[in-house]
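The values are calculated or read from the model by the stated rules, or taken from the named source; none is laboratory data. Owing to the predicted nature of the structure, the values given are computational and were not obtained by experimental measurement. Neighbour counts run over all protein chains shown; Cβ positions are idealised from the backbone, glycine included. Heavy atoms of the whole protein, side chains included, go into the accessibility calculation; ligands, DNA and RNA do not. Shrake-Rupley method; radii C 1.70, N 1.55, O 1.52, S 1.80 Å.
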Amino acid sequence: MILIHPPVAKPCEPPAGIAKLCGALNEHRVKFRVLDANLEGLLSLLNTPPPSSDTWTSRAVRHLPKHLASLNSWDAYQDEGRYRRAIKDLNRLLEMAAQSRRVRLGLENYQHENLSPPRSADLIRAAEDPGDNPFYLYFKNRLTDYLRSEQPSMIGFSLNYLSQALCTFAMIGFLRRDYPGIKLLLGGGLVTSWMRSPHWKNPFKGLVDHLVAGPGEAALLSLMGVTPSGDNHFRPNYDPLPVKDYFAPGPILPYSSSSGCYWNKCSFCPERAEGNSYHAIPVDKVINDLLGLVDKHKPVLIHLLDNAISPSLMKEICEHPPGVPWYGFARITRHLLDLDFCLALRQSGCVMLKLGLESGDQAVLDSLHKGINLEEASLALKNLRKAGISTYVYLLFGTPPEGLREARRTLQFIVDHRDCVGFLNLAIFNMPIHGPEAEQVETKGFYEGDLSLYTSFDHPKGWSRQLIRQFLDKEFKRHPAIAPILRRDPPVFTSNHAPLFVMNKEVRG
Ligand code: SF4
């Protein structure tokens, strides 16, 4: 069995989903191998001289070894200018490498001129012509070698992001064409979202043997003829992954203590629209896992992947700190109103919390069932700042209850809390196609294709995407209190690399 992490996804940490599968397979003594085709594929293209070279590209080629070394040490995270140059040059090399294939390629981006990932017909076309994929030479050689030495009976792909979809299907097409006897499996977050749609009909029959929705451990074991043992909790196993090779100064270990969300009430939330229920690993097991993983891999950072880290887990981490810095998503709850709690979090290694504030207008928050009171949010942000925990604040513009007036209140809230906001993420609302809100507005069918998870809609206040973009570009982003916050955001890697800059600043005092 071979598990593959396909291109393109940010190459800054090992894939968490595959590490979980490795944990389950290992526990049951199933023989398997893992291929991070994303990291390897990107490095392979970066190291291939581009077909034509202008001044910028030639310079990027010359500086490539220095850039890679800099991103794999603390060097780049000590100097924002150096970091930005490295990222820009790497993206330039990828762009040039894929240009002739009509693909806009970057470290987190894969956009084909004619093929669109939410269209199943386009994914099938990518499978029919794998040689057209910019990673073709890499994966053809790598997979051929692997298949010769390992002779697997099954290959599984973990597909989590749209930017991975066309490459995943190109690899599937190559295997179907050249190795028709091997069983092919497809799972991961994106596949789960597709399959949870009430209108799902499998368009990939004959191409993929098994599609898996949700956590893949039990499905994988049963396909291998093994009965899952124990309580279905297996510590992620990062041993088969090149943990030290990702774009980071040392291993960053992602860990998920739950699936779904313990709040599960926000009306705009795709998790809720998909009907994903909440499952949490008991906190003592989480602590045990974290301590074991830290002991083994000596990471520089732990990335908690939960949609919202539960307050009970936070308390447990405060009592049993993992011994290395950590960050993740949290809800703005009353716990953060207690300065001592925030100080204890900081003591436990928390360097940054990602907070979904969404709006600075109370009526909008109430209408979205966000469960946030703005006065409390204000105090929580101030407490986190006092405790030395950076914040990555997520804002969502264009939800049905928001218009320009409400958006301006959000702007004012951020201006008033400029000193407490480390980083900002600005998103424009996408209406989940099967969510409860889609039933209350005039929708316009599928956005981009039969696999699209979102629908376009007539905004009840006329607050169209075009008007929102104008507001963001001309007013919000230009505000003198907000522009410096936005400039701090690490390009491409954003919240994945932001804690590294925070940690580095702390070391330098
Ligand atoms: S807190 Fe986040 S994950 Fe949970 S329901 Fe709200 S938006 Fe969804």
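Structure notes:
- Only Lys, Arg (+1) and Asp, Glu (-1) charged, at Cβ; the chain dipole about Cα centre in debye: 1020
- With one equal scatterer per alpha carbon and no solvent term, the Debye-computed log10 I(q)/I(0) for region 132-241 at 0.12, 0.23 1/Å reads -0.48, -1.49.
- Across region 144-280, the mean sequence separation of Cα contacts (distance under 8 Å, 6 or more residues apart), normalised by length, yields a relative contact order of 17 percent.
- For region 229-275: rounded, prolate or oblate by the Cα gyration tensor [a/c cutoff 1.5]: oblate
- Along principal axes, Cα extents of region 19-102, largest first, whole Å: 54, 36, 18
- Put simply, the Cα atoms of region 172-211 extend 34, 17, 13 Å along their principal axes, the longest span coming first.
- For the chain, the longest principal axis of the Cα atoms and the long axis of helix 80-98 meet at an angle of about 40 degrees.
- Accessible-area ranking of Arg148, Arg408, largest first, probe 1.4 Å: Arg148, Arg408
- Three-way shape label, region 233-306, alpha-carbon gyration tensor, a/c 1.5: prolate
- Label sites at Gln151 and Ser277, each approximated as a point 7 angstrom past Cα along Cα to Cβ, lie 4.3 nm apart.
- Taking Cα atoms only, the orientation of helix 283-297 departs from the longest principal axis of the chain by about 60 degrees.
- When the convex hull of its Cα atoms is projected in every direction, mean area for region 1-53 (nm²): 4.5
- Remark: the Arg478-Lys296 segment gains 60.9 nm on full extension, using 0.36 nm per residue and subtracting the alpha carbon distance.
- Rounded, prolate or oblate (a/c below 1.5 giving rounded, otherwise prolate when a/b exceeds b/c) for region 54-105 by Cα gyration tensor: prolate
- Label-point gap, in nm, between Asn288 and Asp450 - each point 7 angstrom along Cα→Cβ: 4.6
- Evaluated with a Cβ-only charge set (Lys, Arg +1; Asp, Glu -1), region 178-252 carries a dipole of roughly 260 debye about its Cα centre, given to the nearest 20.
- Approximate spin-label separation Gln470-Ala69, in nm, with each point projected 7 Å along Cα-to-Cβ: 5.1
- Counting every C-alpha pair in region 26-75, the share spaced more than 17 angstrom apart comes to 55%.
- At an R0 of 22 angstrom, the distance between the Cβ atoms of Thr144 and Asp239 translates into a FRET efficiency of 0.30.
- Solvent-free Debye scattering, log10 I(q)/I(0), computed from the Cα coordinates of region 207-359 at q = 0.09, 0.19 Å⁻¹: -0.34, -1.31
- 37 °C / 0.692 mPa s Stokes-Einstein diffusion coefficient of region 133-198, Kirkwood radius on C-alpha pairs, µm²/s: 258
- Rolling a 1.4 angstrom probe over region 282-369 with all protein chains present gives an accessible area of which 53% lies on carbon and sulfur atoms.
- Whole-Å semi-axes of the ellipsoid equivalent to region 333-434 (Cα gyration tensor, √5λ, descending): 25, 13, 13
- Once C-alpha pairs closer than 8 Å and six or more residues apart are averaged by separation and normalised to the residue number of the chain, the relative contact order reads 14 percent.
- Between the Cα long axis of helix 37-46 and the first principal axis of the chain there is an angle of about 90°, rounded to the nearest 10.
- Annotation note: chymotrypsin sites (Phe, Trp or Tyr not before Pro) in region 228-322 located in DSSP loop regions with a Cβ neighbour count of at most 13 within 10 Å are absent.
- Rg ratio (alpha-carbon, reference 2.2 N^0.38 Å) - region 25-155: 1.25
- Surface composition of region 65-121: carbon and sulfur atoms hold 43% of the protein heavy-atom accessible area at a 1.4 Å probe.
- Here the Debye sum runs over all C-alpha atoms of the chain as equal scatterers in vacuum, and log10 of I(q)/I(0) at q = 0.07, 0.10, 0.12 Å⁻¹ comes out as -0.39, -0.84, -1.27.
- Among the cysteines of the chain, Cys12, Cys22, Cys167, Cys261, Cys318, Cys342, Cys350, Cys420 have no other cysteine beta carbon within less than 4.7 Å of their own.
- Figure note: Ser100, Ser259 ranked by solvent-accessible area, largest first, 1.4 Å probe, ligands and nucleic acids not counted: Ser100, Ser259.
- Only Lys, Arg, Asp and Glu carry charge here, each on its Cβ (+1 for the first two, -1 for the last two); on that basis region 277-421 has a dipole of about 320 debye about its Cα centre.
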